[in-house]
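Single-structure report; data block below.
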Amino acid sequence: MLRKSIFWIHLSCGVIAGLVVLMMSATGVILTYERQILAWQDRGAYAYEPDSGEQRLSVDSLLQLGSDAGFVTSGIILSSDPSAPVILSAGRSGTMHLNPYTGNVHSPASDGVARFLSAVRGWHRWFNVSGEGRSTARAITGAANLMFLFLVLSGMYLWLPPIMRWAALRGRLWFQQNATTGQARDFNWHHVFGIWSAIPLAVIVATATVFNYSWANNLVYQLAGEQPPQSGPSRAAAERFGDTVDPTALLSFEELFEITANSTEAGNWRTITINLPDAGARTLSFAIDQGNGGQPQKRHSLTLDAQTGAIAAWAPFDSQTRGQQARRWVRFLHTGEALGIAGQTLAGLVSLFAIFMVWTGLALSSRRLLRAVRRRQQEHTPQQEGYGATAK
């Protein structure tokens, strides 16, 4: 009885959420190597190699160039790669790429690809809807994702054959050559793709739930044994902007950047991001990334006294609470980036498997429905009393 109940709930969720899950899975495959694709395109177009001894412009000069161009900069990203451009950011509204040696503006070759991937990401999250309809679209994708999580978890139970025999298990572990009919093939593929992708797919779908629901986000902290953070200004923000001094008494951004870049804390950094503070802020924080941009365990924060250059606070990943660490892992486990290129590949592969699972699941459901309709029609079809009877 339990197995039958779970099966029918599983089938119902699959039919209701199938097309939305299919869309999220397909867009997830396209986004698998998003970071690498954009970096590869930009590197191919940005061919500037500095001459030996050529000096990079100071951070202050680069910020001034952005200001002169009318760009309202909120942060600046500097790379340890001497041939990489400096990126000025304006929140989420835009970026400006500058040659760090000449100050020339560089138009990324990936702009068109970035717009395409941004649209794909929009479809993945909320059908690429903008404005007031986005909250409704996000509610739909969130509910479909929650049903998808149930499909994955219940599917692991339903995958087990009613009678545990090796022959039955083997038939669900690998593709069968004797599955020649459409129904047999779909049944076989649904079970094979399902079992081999079950665990990584459960992680991907469960982490997506955290983005959609506050209770899921709070659950991450609660499972780590701590209370979820309260909304409102953070303590770090209060410390960062609460104490202001005369701006002329502060070290330049370039001096503070050099202190950070050469510190033992920064180590073998790949990028350093400076989020610009309010004018006269006593401290300046630097986000240090020692990984590929998607590895939370290699992202740290260093805060300097803007007057003396002394370390005001050092917050490596290991210093964060277990809840904070878990929440940061969630973001990049969803895309697989936390585990490097192998993790991304695995995430993309199981997203591809999910496409086949949805397709075969819907096909099996439609056949079941058609058989039920035919049986119902046969039951209501009048039976002839005999053959050769003549009308009177």
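The values are calculated or read from the model by the stated rules, or taken from the named source; none is laboratory data. Remember, predicted model here, so these are calculated numbers, not experimental data. Heads up, the Cβs are rebuilt from the backbone with ideal geometry, glycines too, and the neighbour counts pull from every protein chain shown.
Structure data summary
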{"item": "Residue match in the stretch 25-41 (condition: farther than 30 Å from Thr360 by Cα, among the small types (Gly, Ala, Ser) and under 21 Å from the mean Cα position of the chain (by Cα))", "result": "yes"}
{"item": "Qualifying residues in the stretch 213-264 (those that are modelled with pLDDT of 95 or more and of a type in the set (Asp, Glu)) - the one farthest from the chain's Cα centre (by Cα)", "result": "Glu255"}
{"item": "Subset of the stretch 70-108 that is surrounded by fewer than 16 Cβ atoms within 10 Å (Cβ to Cβ) and hydrophobic (A, V, I, L, M, F, W, C) - its residue that is nearest to Gly293 (Cα to Cα)", "result": "Ala90"}
{"item": "Any hit, the stretch 292-307, residues being aliphatic (A, V, I, L, M), at pLDDT below 95 and within 22 Å of Gly75 (Cβ to Cβ)", "result": "yes"}
{"item": "Residue in the stretch 104-121 that is more than 29 Å from Val29 (Cα to Cα) and small (Gly, Ala, Ser) present", "result": "no"}
{"item": "Output for the stretch 270-297, where each listed residue is under 29 Å from Ile341 (Cβ atoms) and in contact with a helix residue (DSSP H, G or I) (Cβ under 7 Å, 6 or more places away or on another chain)", "result": "Ile272, Ile274, Phe286, Asp289, Gln290, Gly291, Asn292, Gly293, Gly294, Gln295, Pro296, Gln297"}
{"item": "Set Ala168, Ala143: member being touching a residue at least 12 places away in the same chain (Cβ under 8 Å), assigned to a helix (DSSP H, G or I) and either surrounded by 12 or more Cβ atoms within 10 Å (Cβ to Cβ) or among the polar types (S, T, N, Q) (or both)", "result": "Ala143"}
{"item": "Residue check, Gly122 farther than 20 Å from Glu258 by Cβ and without any contact (Cβ under 8 Å) to a residue 60 or more places away in the chain", "result": "yes"}
{"item": "Subset of the stretch 305-340 (residues that are aliphatic (A, V, I, L, M) and either within 22 Å of Thr283 (Cα to Cα) or exposed (fewer than 14 other Cβ atoms within 10 Å of the Cβ) (or both))", "result": "Ala306, Ala310, Ile311, Ala312, Ala313, Ala315"}
{"item": "Given (1) aliphatic (A, V, I, L, M); (2) loosely packed, with under 15 Cβ neighbours inside 10 Å; (3) touching a Phe, Trp or Tyr at 6+ places or on another chain (Cβ under 8 Å); (4) in the same structural domain as Ile204 (by TED's automatic domain parsing), index of the condition Ala137 fails", "result": "(2)"}
{"item": "Filtered residue count, the stretch 90-101, keeping only those that are more than 15 Å from Asp68 (Cα to Cα) and at pLDDT 90 or above", "result": "3"}
{"item": "Enumeration of residues in the stretch 77-96 that are aliphatic (A, V, I, L, M) and more than 18 Å from Tyr48 (Cβ to Cβ)", "result": "Ala90"}
{"item": "Residue ID - farthest from Gly267 (Cα to Cα), chosen from residues in the stretch 291-325 that are in a strand (DSSP E or B) and of a type in the set (A, V, I, L, M, F, W, C)", "result": "Ala312"}
